[in-house]
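What follows is a short report on a single structure.
The values are calculated or read from the model by the stated rules, or taken from the named source; none is laboratory data. Being a predicted model, the structure only gives us computed values, none of them experimental. Using ideal geometry, Cβ is built from the backbone for each residue, glycine included, and neighbour counts are taken over all protein chains shown.
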């Protein structure tokens, strides 16, 4: 290791003068950021500011430069204040718009609730009308079935009466009274007539009576005794009762059919009214549904308008806060510094300041020495 030079040992340390920040830097920066002046003028003011603001005794021209700087700074301050007022005005206007939007949301929401209630009411009415219409159709179907059943029953009774009368006239009478004068009933024809009588009245007369009737009818009228006449009389009595019963059933069936017809007619009218009611309720429900949909869209649009407006509102508030903070920094910084530098210090203060600055540039010698590290190397 190289041995330290002899003339370096014990030499006092030289103090390095600290450069304090120039207060005019803040003013110059403010002038550069003013933004409303020509670049040449700004450059001239920035260059002159460092000289004139540090001058203790200012020339009238320097005083005018100071006034120009003050004017620029005051204009910048005024511009910031005006911008803040403009933003605050937009915020106030936005608050009014927000109130209007909130009122619109409230109004459209209320309308939507009303339309929804009306739509639900119409749908309920439609549902009830549909149920009533279905019930009316079921009642009509039952009435039609009852009418058809009554008609079939009446037709059956009518057919029985017609068959009874035809059998008595065309089969029983010839067998009872015998053939007319000049006519003759053959064996085959006789069997056919007898079978028709027995078949027709088998269900309505006693079996024993029918067996006796068969024997009696096989006997010629001239050969019949009192028993045969009694059998014929008893048979005719039962036939008369059976006919009367059928006629009674037919009359009741006709009355029942008339009731069925009236019931069917009433059911058809009820169905017609129910279908008309369903159509009316459906139309009202459709209209209410459309109105509900329109109200829902309007309410959604109002809510979206509020949601879309919120970021813009926050942006304006943020901008206002930023401008206010910027103005505060401007007032507390360059404007305050300029106010201090604008008026030159008194002579005694200026002299003290000059002495301090000179002392900083030319520091006094110090007795402090740099301690030297003892060398461990062997001399050459």
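Among the residues of the stretch 166-181, are any outside any helix (DSSP H, G or I), more than 22 Å from residue 252 (Cα to Cα), in the same structural domain as residue 253 (by TED's automatic domain parsing) and out of contact with any helix residue (DSSP H, G or I) (no Cβ under 9 Å at 6 or more places or on another chain)?
yes
Restricted to the stretch 211-237, and to residues that are buried (at least 17 other Cβ atoms within 10 Å of the Cβ) and in contact (Cβ under 8 Å) with a residue 24 or more places away in the chain, which residue is nearest to the chain's Cα centre (by Cα)?
Ranking the qualifying residues of the stretch 211-237, first place goes to 235.
Given the residues 158, 130, which is the only one that is assigned to a helix (DSSP H, G or I) and under 30 Å from residue 291 (Cβ atoms)?
One residue alone meets the criteria, 130.
Hey, among 103, 120, 139, 143, which residue is modelled with pLDDT of 90 or more and surrounded by 13 or more Cβ atoms within 10 Å (Cβ to Cβ)?
Of the residues listed, the single one that is modelled with pLDDT of 90 or more and surrounded by 13 or more Cβ atoms within 10 Å (Cβ to Cβ) is 120.
In the stretch 22-51, what count of residues is obtained for those that are in a loop (DSSP other than H, G, I, E, B), modelled with pLDDT of 80 or more and exposed (fewer than 11 other Cβ atoms within 10 Å of the Cβ)?
The number of residues fulfilling the criteria is 1.
Kindly indicate which of 98, 115 is surrounded by 13 or more Cβ atoms within 10 Å (Cβ to Cβ), within 30 Å of residue 282 (Cα to Cα), within 25 Å of the chain's Cα centre (by Cα) and modelled with pLDDT under 90.
Values: 98 fails: within 30 Å of residue 282 (Cα to Cα).
Unique residue meeting the criteria: 115.
For residue 273, all conditions in the list (1) surrounded by 12 or more Cβ atoms within 10 Å (Cβ to Cβ); (2) under 28 Å from residue 98 (Cβ atoms) hold save one; what is the number of the exception?
(2)
I need a count of the residues in the stretch 194-209 that are closer than 15 Å to residue 171 by Cα and surrounded by 12 or more Cβ atoms within 10 Å (Cβ to Cβ).
The qualifying residues number 8.
Which of (1) on the phi < 0 side of the Ramachandran plot; (2) in contact (Cβ under 8 Å) with a residue 40 or more places away in the chain is the odd one out, the single condition residue 110 does not satisfy?
Going through (1) on the phi < 0 side of the Ramachandran plot; (2) in contact (Cβ under 8 Å) with a residue 40 or more places away in the chain one by one, residue 110 breaks only (2).
Inspect the stretch 117-124 for any residue being touching a helix residue (DSSP H, G or I) at 6+ places or on another chain (Cβ under 9 Å) and not in a helix (DSSP H, G or I) and give the result as yes or no.
no
I want to confirm something. Restricting to the stretch 52-93 and keeping residues that are touching a helix residue (DSSP H, G or I) at 6+ places or on another chain (Cβ under 7 Å) and part of a loop (DSSP other than H, G, I, E, B), which single residue is modelled with the highest pLDDT?
Among them, the one singled out is 58.
Among the numbered criteria (1) at pLDDT below 90; (2) closer than 24 Å to residue 125 by Cβ, which single criterion is violated by residue 330?
(2)
So is residue 278 in contact with a helix residue (DSSP H, G or I) (Cβ under 9 Å, 6 or more places away or on another chain), under 16 Å from residue 127 (Cβ atoms) and at pLDDT 90 or above or not?
Taking the combined requirement at face value, the residue satisfies it.
Taking the stretch 306-316 as the region of interest, how many residues are in contact with a helix residue (DSSP H, G or I) (Cβ under 8 Å, 6 or more places away or on another chain), loosely packed, with under 14 Cβ neighbours inside 10 Å and at pLDDT 85 or above?
0
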